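The values are calculated or read from the model by the stated rules, or taken from the named source; none is laboratory data. Please read all numbers here as calculations on a predicted model, not as lab measurements. All Cβ positions, glycine included, derive from the backbone under ideal geometry; neighbour counts span all protein chains shown. Accessible surface areas use protein heavy atoms only, side chains included; no ligands, DNA or RNA. Shrake-Rupley method; radii C 1.70, N 1.55, O 1.52, S 1.80 Å.
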Amino acid sequence: MFRLQNPQMLHMLEKSLRKCLPESLKVYGTVFHMNQGNPFNLKALVDKWPDFNTVVVRPQEREMTDDFDHYTNTYLIYSKDLKNCQECLGTSDVINWKQHLQIQSSQFSLDEVIQSLAAAKFVGVKRTQCLLYMMPKTARKLVPFLLVNKNLSPESGKPKAINQEMFKRSSLEITNAALVNKFWHFGGNERSQRFIERCIQTFPTTCLLGPEGTPVSWCLMDHTGEMRMGGTLPEYRGQGLASCVSYFHCQVMENLGFPIYMHTDRANIFVQKMSHTLHYIPMPCDWNQWNCIPL
(Lines give C-alpha, C1' and ligand atoms only; values in the text may rest on other atoms or scores of the structure.)
Protein backbone atom coordinates (compact mmCIF):
# COMPACT_ATOMS: atom_id res chain seq x y z
CA MET A 1 0.00 0.00 0.00
CA PHE A 2 1.21 3.52 -0.64
CA ARG A 3 0.58 6.86 1.02
CA LEU A 4 -1.46 9.70 -0.44
CA GLN A 5 0.59 12.80 0.35
CA ASN A 6 -0.68 15.22 -2.27
CA PRO A 7 -3.48 17.45 -0.85
CA GLN A 8 -5.35 17.08 -4.12
CA MET A 9 -5.31 13.30 -3.73
CA LEU A 10 -6.66 13.53 -0.17
CA HIS A 11 -9.51 15.72 -1.33
CA MET A 12 -10.25 13.23 -4.11
CA LEU A 13 -10.21 10.45 -1.51
CA GLU A 14 -12.70 12.36 0.65
CA LYS A 15 -15.06 12.75 -2.33
CA SER A 16 -14.73 9.07 -3.23
CA LEU A 17 -15.42 7.95 0.36
CA ARG A 18 -18.48 10.19 0.45
CA LYS A 19 -19.97 8.06 -2.33
CA CYS A 20 -19.53 4.97 -0.13
CA LEU A 21 -21.40 6.32 2.90
CA PRO A 22 -22.57 5.24 5.40
CA GLU A 23 -20.26 2.18 5.42
CA SER A 24 -17.20 4.41 4.95
CA LEU A 25 -18.22 6.85 7.71
CA LYS A 26 -15.35 6.31 10.17
CA VAL A 27 -12.74 6.69 7.45
CA TYR A 28 -14.62 9.50 5.71
CA GLY A 29 -14.87 11.50 8.93
CA THR A 30 -11.16 11.03 9.58
CA VAL A 31 -10.09 12.04 6.06
CA PHE A 32 -12.38 15.08 6.28
CA HIS A 33 -10.40 16.31 9.29
CA MET A 34 -7.12 15.46 7.62
CA ASN A 35 -8.19 17.90 4.93
CA GLN A 36 -8.88 20.52 7.61
CA GLY A 37 -5.26 20.65 8.71
CA ASN A 38 -4.61 17.08 9.85
CA PRO A 39 -4.16 18.02 13.54
CA PHE A 40 -3.42 14.41 14.62
CA ASN A 41 -0.72 13.92 11.96
CA LEU A 42 -2.41 10.95 10.32
CA LYS A 43 -1.62 9.37 6.98
CA ALA A 44 -3.88 7.66 4.44
CA LEU A 45 -2.78 4.58 2.52
CA VAL A 46 -4.50 2.89 -0.43
CA ASP A 47 -3.88 -0.29 -2.40
CA LYS A 48 -3.95 1.60 -5.70
CA TRP A 49 -4.95 4.97 -7.08
CA PRO A 50 -7.34 6.42 -8.09
CA ASP A 51 -9.54 3.30 -8.27
CA PHE A 52 -8.74 2.08 -4.77
CA ASN A 53 -10.27 -0.93 -3.07
CA THR A 54 -8.89 -0.55 0.45
CA VAL A 55 -8.09 2.52 2.55
CA VAL A 56 -6.22 2.52 5.86
CA VAL A 57 -5.78 5.70 7.89
CA ARG A 58 -3.25 5.53 10.70
CA PRO A 59 -0.83 7.70 12.68
CA GLN A 60 2.65 8.29 11.39
CA GLU A 61 5.36 6.12 12.90
CA ARG A 62 6.77 8.94 15.02
CA GLU A 63 3.41 9.20 16.79
CA MET A 64 3.26 5.49 17.69
CA THR A 65 6.15 5.33 20.16
CA ASP A 66 4.26 3.67 23.04
CA ASP A 67 3.62 0.01 22.26
CA PHE A 68 0.88 -0.14 24.90
CA ASP A 69 -1.06 2.99 23.85
CA HIS A 70 -3.94 1.67 21.75
CA TYR A 71 -5.63 5.09 21.85
CA THR A 72 -2.85 6.51 19.70
CA ASN A 73 -2.18 3.25 17.84
CA THR A 74 -5.53 3.41 16.05
CA TYR A 75 -6.24 2.28 12.49
CA LEU A 76 -9.35 3.28 10.49
CA ILE A 77 -10.22 0.91 7.66
CA TYR A 78 -12.66 0.85 4.77
CA SER A 79 -12.63 -1.66 1.93
CA LYS A 80 -14.78 -2.35 -1.11
CA ASP A 81 -13.22 -5.79 -1.50
CA LEU A 82 -12.61 -7.93 1.59
CA LYS A 83 -10.30 -10.33 -0.24
CA ASN A 84 -8.20 -7.41 -1.40
CA CYS A 85 -8.21 -6.01 2.14
CA GLN A 86 -6.90 -9.25 3.60
CA GLU A 87 -4.18 -9.48 0.96
CA CYS A 88 -3.09 -5.86 1.49
CA LEU A 89 -2.94 -6.09 5.26
CA GLY A 90 -1.50 -9.59 5.30
CA THR A 91 1.39 -8.90 2.93
CA SER A 92 2.47 -5.48 4.22
CA ASP A 93 3.63 -3.80 7.41
CA VAL A 94 0.79 -1.26 7.37
CA ILE A 95 -0.39 -2.57 10.76
CA ASN A 96 2.19 -3.03 13.51
CA TRP A 97 0.80 -6.19 15.12
CA LYS A 98 3.53 -6.11 17.78
CA GLN A 99 1.80 -3.18 19.49
CA HIS A 100 -1.41 -2.92 21.49
CA LEU A 101 -3.71 -1.33 18.94
CA GLN A 102 -7.29 -0.78 17.93
CA ILE A 103 -9.01 -0.88 14.57
CA GLN A 104 -12.22 1.05 13.93
CA SER A 105 -14.61 0.76 11.00
CA SER A 106 -18.25 1.20 10.04
CA GLN A 107 -18.06 -2.18 8.29
CA PHE A 108 -18.91 -5.21 10.39
CA SER A 109 -17.94 -7.37 7.40
CA LEU A 110 -14.29 -6.63 8.23
CA ASP A 111 -14.57 -8.83 11.32
CA GLU A 112 -13.65 -12.02 9.48
CA VAL A 113 -10.63 -10.33 7.87
CA ILE A 114 -9.34 -8.88 11.14
CA GLN A 115 -9.90 -12.09 13.10
CA SER A 116 -8.05 -14.08 10.45
CA LEU A 117 -5.10 -11.69 10.29
CA ALA A 118 -4.88 -11.47 14.08
CA ALA A 119 -4.84 -15.26 14.42
CA ALA A 120 -2.01 -15.49 11.89
CA LYS A 121 -0.04 -12.85 13.82
CA PHE A 122 -0.75 -14.45 17.23
CA VAL A 123 -2.80 -11.49 18.39
CA GLY A 124 -5.82 -11.57 20.69
CA VAL A 125 -8.89 -9.61 19.60
CA LYS A 126 -11.83 -8.14 21.51
CA ARG A 127 -14.58 -6.74 19.27
CA THR A 128 -17.05 -4.05 20.33
CA GLN A 129 -20.12 -3.45 18.18
CA CYS A 130 -22.36 -0.43 18.81
CA LEU A 131 -25.24 1.48 17.26
CA LEU A 132 -24.22 4.28 14.91
CA TYR A 133 -26.09 7.58 14.48
CA MET A 134 -25.70 10.56 12.18
CA MET A 135 -27.06 14.01 12.96
CA PRO A 136 -30.03 15.14 10.83
CA LYS A 137 -28.33 17.96 8.92
CA THR A 138 -25.30 15.79 8.21
CA ALA A 139 -27.54 12.96 7.01
CA ARG A 140 -29.54 15.32 4.81
CA LYS A 141 -26.31 16.48 3.20
CA LEU A 142 -24.38 13.21 2.96
CA VAL A 143 -26.93 10.36 2.88
CA PRO A 144 -30.30 11.86 1.90
CA PHE A 145 -31.40 8.50 0.48
CA LEU A 146 -31.61 7.14 4.03
CA LEU A 147 -34.32 9.66 4.88
CA VAL A 148 -36.58 8.72 1.97
CA ASN A 149 -39.70 6.73 2.85
CA LYS A 150 -38.56 6.16 6.43
CA ASN A 151 -40.50 8.93 8.14
CA LEU A 152 -37.28 10.35 9.60
CA SER A 153 -37.02 14.05 10.35
CA PRO A 154 -34.36 16.01 8.44
CA GLU A 155 -34.29 18.60 11.25
CA SER A 156 -32.79 18.32 14.71
CA GLY A 157 -35.09 17.85 17.65
CA LYS A 158 -34.77 20.19 20.60
CA PRO A 159 -34.04 19.15 24.17
CA LYS A 160 -36.23 20.18 27.05
CA ALA A 161 -35.39 23.50 28.65
CA ILE A 162 -32.93 23.60 31.54
CA ASN A 163 -32.38 26.17 34.29
CA GLN A 164 -30.06 28.59 32.52
CA GLU A 165 -29.35 30.47 35.74
CA MET A 166 -27.99 27.30 37.32
CA PHE A 167 -26.27 25.80 34.27
CA LYS A 168 -24.03 27.90 32.04
CA ARG A 169 -22.88 26.86 28.58
CA SER A 170 -19.09 26.77 28.21
CA SER A 171 -16.19 24.73 26.82
CA LEU A 172 -13.76 22.34 28.47
CA GLU A 173 -10.28 23.23 29.67
CA ILE A 174 -7.39 20.80 29.48
CA THR A 175 -7.55 20.60 33.28
CA ASN A 176 -10.98 18.94 32.89
CA ALA A 177 -9.46 15.92 31.10
CA ALA A 178 -9.23 13.91 34.34
CA LEU A 179 -12.96 14.38 34.93
CA VAL A 180 -13.85 13.29 31.39
CA ASN A 181 -11.48 10.34 31.69
CA LYS A 182 -13.06 9.19 34.95
CA PHE A 183 -16.48 8.73 33.35
CA TRP A 184 -15.45 7.59 29.85
CA HIS A 185 -16.41 3.95 29.29
CA PHE A 186 -13.26 3.29 27.22
CA GLY A 187 -10.97 5.36 29.48
CA GLY A 188 -9.96 5.53 33.09
CA ASN A 189 -6.17 5.30 32.68
CA GLU A 190 -3.18 7.54 32.02
CA ARG A 191 -3.02 6.84 28.29
CA SER A 192 -6.71 7.60 27.78
CA GLN A 193 -6.28 10.85 29.72
CA ARG A 194 -3.45 11.92 27.42
CA PHE A 195 -5.69 11.16 24.45
CA ILE A 196 -8.53 13.22 25.95
CA GLU A 197 -6.17 16.11 26.67
CA ARG A 198 -5.10 16.11 23.04
CA CYS A 199 -8.73 16.09 21.85
CA ILE A 200 -9.62 18.99 24.17
CA GLN A 201 -6.63 20.99 22.92
CA THR A 202 -7.38 20.28 19.27
CA PHE A 203 -11.15 20.20 18.70
CA PRO A 204 -14.28 22.09 19.79
CA THR A 205 -15.78 21.02 23.11
CA THR A 206 -19.02 21.83 24.90
CA CYS A 207 -19.96 21.62 28.55
CA LEU A 208 -22.43 22.92 31.09
CA LEU A 209 -21.03 24.50 34.22
CA GLY A 210 -22.91 23.83 37.43
CA PRO A 211 -23.55 26.12 40.41
CA GLU A 212 -19.92 25.79 41.53
CA GLY A 213 -18.60 26.87 38.13
CA THR A 214 -17.22 23.45 37.18
CA PRO A 215 -18.37 21.07 34.40
CA VAL A 216 -21.33 18.85 35.27
CA SER A 217 -22.06 17.62 31.72
CA TRP A 218 -19.82 17.60 28.64
CA CYS A 219 -19.26 16.45 25.08
CA LEU A 220 -16.23 16.47 22.80
CA MET A 221 -14.99 14.91 19.59
CA ASP A 222 -12.10 12.70 18.56
CA HIS A 223 -9.72 12.67 15.58
CA THR A 224 -12.26 10.81 13.42
CA GLY A 225 -14.75 13.66 13.80
CA GLU A 226 -17.06 11.60 15.99
CA MET A 227 -18.86 13.01 19.05
CA ARG A 228 -17.43 10.96 21.92
CA MET A 229 -16.55 10.86 25.60
CA GLY A 230 -19.76 12.57 26.69
CA GLY A 231 -20.80 12.33 30.29
CA THR A 232 -22.75 13.84 33.19
CA LEU A 233 -21.95 13.78 36.89
CA PRO A 234 -24.19 11.19 38.63
CA GLU A 235 -25.81 13.76 40.91
CA TYR A 236 -26.96 15.82 37.91
CA ARG A 237 -28.37 13.04 35.77
CA GLY A 238 -32.03 12.87 34.85
CA GLN A 239 -32.30 16.63 34.24
CA GLY A 240 -31.81 16.62 30.46
CA LEU A 241 -28.30 18.08 30.63
CA ALA A 242 -26.75 15.51 28.28
CA SER A 243 -29.37 16.28 25.63
CA CYS A 244 -28.63 19.99 25.91
CA VAL A 245 -24.88 19.50 25.70
CA SER A 246 -25.24 17.26 22.64
CA TYR A 247 -27.60 19.76 21.00
CA PHE A 248 -25.25 22.70 21.69
CA HIS A 249 -22.22 20.75 20.50
CA CYS A 250 -23.95 19.84 17.25
CA GLN A 251 -24.67 23.53 16.65
CA VAL A 252 -20.98 24.37 17.11
CA MET A 253 -19.83 21.68 14.69
CA GLU A 254 -22.55 22.44 12.15
CA ASN A 255 -21.43 26.08 12.09
CA LEU A 256 -17.92 24.81 11.28
CA GLY A 257 -19.26 22.60 8.49
CA PHE A 258 -18.16 19.35 10.16
CA PRO A 259 -19.94 16.03 9.50
CA ILE A 260 -21.43 14.90 12.81
CA TYR A 261 -22.01 11.37 14.02
CA MET A 262 -21.79 9.26 17.19
CA HIS A 263 -22.24 5.76 18.57
CA THR A 264 -23.73 4.20 21.66
CA ASP A 265 -23.80 0.80 23.28
CA ARG A 266 -26.80 -1.37 22.45
CA ALA A 267 -27.55 -1.60 26.16
CA ASN A 268 -27.51 2.17 26.70
CA ILE A 269 -31.23 2.86 26.51
CA PHE A 270 -30.81 6.37 27.89
CA VAL A 271 -28.62 7.55 24.99
CA GLN A 272 -30.88 5.79 22.50
CA LYS A 273 -33.89 7.69 23.89
CA MET A 274 -31.91 10.94 23.77
CA SER A 275 -30.96 10.22 20.15
CA HIS A 276 -34.63 9.68 19.30
CA THR A 277 -35.61 12.96 20.99
CA LEU A 278 -32.94 14.89 19.07
CA HIS A 279 -33.91 13.13 15.80
CA TYR A 280 -30.53 11.52 15.29
CA ILE A 281 -30.63 9.21 12.28
CA PRO A 282 -29.83 5.54 12.95
CA MET A 283 -27.42 4.12 10.39
CA PRO A 284 -27.96 0.72 8.74
CA CYS A 285 -24.32 -0.14 9.56
CA ASP A 286 -22.63 -0.43 12.94
CA TRP A 287 -19.78 1.19 14.84
CA ASN A 288 -17.09 -1.45 15.22
CA GLN A 289 -13.90 -1.52 17.22
CA TRP A 290 -11.35 -4.32 17.50
CA ASN A 291 -8.90 -4.09 20.39
CA CYS A 292 -5.83 -6.15 19.54
CA ILE A 293 -3.18 -7.35 21.99
CA PRO A 294 -0.12 -9.46 21.05
CA LEU A 295 -0.26 -12.86 22.77
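Kindly report the accessible area of the stretch 66-137 per residue (heavy atoms of protein chains, probe 1.4 Å, no ligands, DNA or RNA), in Å².
42 Å²
Legend: calculated FRET efficiency, GLU63 to LYS158, from the Cβ-Cβ distance at R0 = 41 Å, rounded to 0.05, equals 0.55.
Taken over the stretch 225-295, the percentage of Cα pairs per 10 Å bin, counting from 0 up to the bin with the maximum distance, is 15, 48, 27, 8, 2.
List the trypsin sites (Lys or Arg not before Pro) within the stretch 149-232 that DSSP assigns to loop and that have no more than 15 neighbouring Cβ atoms inside 10 Å. Intermediate values should be presented prior to the final figure.
Working: sites: LYS150, LYS160, LYS168, ARG169, LYS182, ARG191, ARG194, ARG198, ARG228; in loops: LYS150, LYS160.
Passing both the DSSP loop test and the Cβ count: LYS150, LYS160.
If R₀ is 45 angstrom, what is the calculated FRET efficiency for the pair HIS185 and GLN8, using the beta carbon separation as r and rounding to 0.05? Efficiency computed from Cβ-Cβ geometry: 0.70.
Let me make sure I get this right: for the stretch 85-196, a, b and c are the square roots of the gyration tensor eigenvalues over alpha carbons, sorted descending. Under 1.5 in a/c it's rounded, otherwise prolate if a/b > b/c, else oblate. Which is it? Oblate.
Applying 0.36 nm per residue to the separation of ASP93 and ASP81 and subtracting their alpha-carbon distance, the gain on full extension is 2.4 nm.
Once C-alpha pairs closer than 8 Å and six or more residues apart are averaged by separation and normalised to the residue number of the stretch 220-295, the relative contact order reads 26 percent. Taking the 1.4 Å solvent-accessible surface of the stretch 149-295 as the whole, the part contributed by carbon and sulfur is 50%. For the chain, averaging the sequence separation of C-alpha pairs within contact (under 8 Å, six or more residues apart) and dividing by the residue count gives a relative contact order of 24 percent. Dipole size of the stretch 116-221 about its Cα centre, with +1 on Lys/Arg Cβ and -1 on Asp/Glu Cβ: approximately 500 debye, rounded to the nearest 20. Spin-label model, SER109/GLN201: points 7 Å from Cα along the beta carbon direction are separated by 4.0 nm. For LYS158, the lysines whose Cα comes closer than 19 Å to its Cα, not counting residues fewer than 8 places off in the same chain, are LYS137, LYS168, LYS273. Between the Cα long axis of helix 25-34 and the first principal axis of the chain there is an angle of about 90°, rounded to the nearest 10. Working note: Karplus 6.51/-1.76/1.60 with θ = phi - 60° gives the stretch 7-22 the couplings x, 5, 5, 5, 5, 5, 5, 4, 5, 5, 5, 4, 6, 9, 5, x Hz, where Gly and Pro are set to x.
Using the rule -39500 (n - 2.57) for each DSSP H run of four or more residues, divided by the residues of the chain, the 222 nm mean residue ellipticity is -9000 deg cm²/dmol.
Using a cut-off of 14 Å between beta-carbons, work out the net charge of the residues near HIS70 (Lys and Arg +1, Asp and Glu -1, HIS70 not included).
Net of charged neighbours comes to 0.
Comparing ALA178, ALA119, ALA44 in a Gaussian network model of the chain (Cα springs below 10 Å), the most mobile by mean-square fluctuation is ALA119.
Couplings for the stretch 263-276, taken from phi via the Karplus curve 6.51 cos²θ - 1.76 cosθ + 1.60 with θ = phi - 60°, read 10, 8, 5, 5, 8, 8, 5, 4, 5, 5, 5, 4, 4, 5 Hz in order; Gly and Pro are left as x. P(r) tail for the chain, what percent of Cα pairs lie past 33 Å? Summing the P(r) of the chain above 33 Å gives 22 percent of all pairs. Largest mean-square fluctuation among SER92, SER79, SER171, in a Gaussian network model of the chain whose springs join Cα atoms under 10 Å apart, belongs to SER92. Under a Gaussian network description of the chain, with springs only between Cα atoms under 10 Å, the residue in ILE162, ILE281, ILE200 that fluctuates furthest is ILE162. Rounded to the nearest whole Hz, the Karplus-based 3J(HN,Hα) values (6.51 cos²θ - 1.76 cosθ + 1.60, θ = phi - 60°) of the stretch 178-183 follow the sequence 4, 5, 4, 4, 4, 9, with x at glycine and proline. State in Å² the accessible area per residue of the stretch 177-295; use a 1.4 Å probe, count heavy atoms of protein chains only, and round to the nearest integer. Using a 1.4 Å probe on heavy atoms only, each residue of the stretch 177-295 averages 42 Å².
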